[in-house]
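Derivation of every value follows stated rules applied to the coordinates shown; laboratory data play no part. This structure is a prediction, so every number in the text was calculated from the model and none was measured.
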Amino acid sequence: MHGNLKSYSLRINAEEHEKNDLEEKLVAYRLETRQMAIGMGLFIGILISAAGFRLLNDLIETDALINLSDFQKQLFVVIDIIITGVIISGGSVAIDKIASRFSDYFNLDRNNA
């Protein structure tokens, strides 16, 4: 009977070890697929932004850009593409966070005036 108990205990330890190994592999797989999804989302967001859908361009008055040098205008476009791409890849949660930050800022600014 004592031998059966020891055999049973060894088998349980082996099963727990196998379970822990599988859980570690699952965590690694989820991390890898999440990183791939984030990378693909960012790529698609930047691609959409580069095609012409941009956020900052619509928020800034075009008169403000007239006095900028060509380099500054191109830099603005690149920054706009990157920011819009990141926002698109982040989905509605990112857009909601940014909108609430702007809202909080303008409400604070209005209250201080």
Q: Starting at the first residue of the range 67-74, write each ³J(HN,Hα) from the Karplus equation 6.51 cos²θ - 1.76 cosθ + 1.60 with θ = phi - 60°, in whole Hz, x for Gly and Pro.
A: 7, 7, 6, 4, 4, 5, 5, 5
Q) Using θ = phi - 60° and the Karplus curve 6.51 cos²θ - 1.76 cosθ + 1.60, what whole-Hz ³J(HN,Hα) does each residue of the range 75-81 get, with Gly and Pro shown as x? A) 4, 4, 4, 5, 5, 4, 4
**Q.** 3J(HN,Hα) from dihedral phi, the range 18-34, Karplus parametrisation 6.51/-1.76/1.60, rounded to Hz, x for glycine, proline
**A.** 5, 4, 4, 4, 5, 5, 5, 5, 5, 4, 5, 5, 5, 5, 5, 5, 5
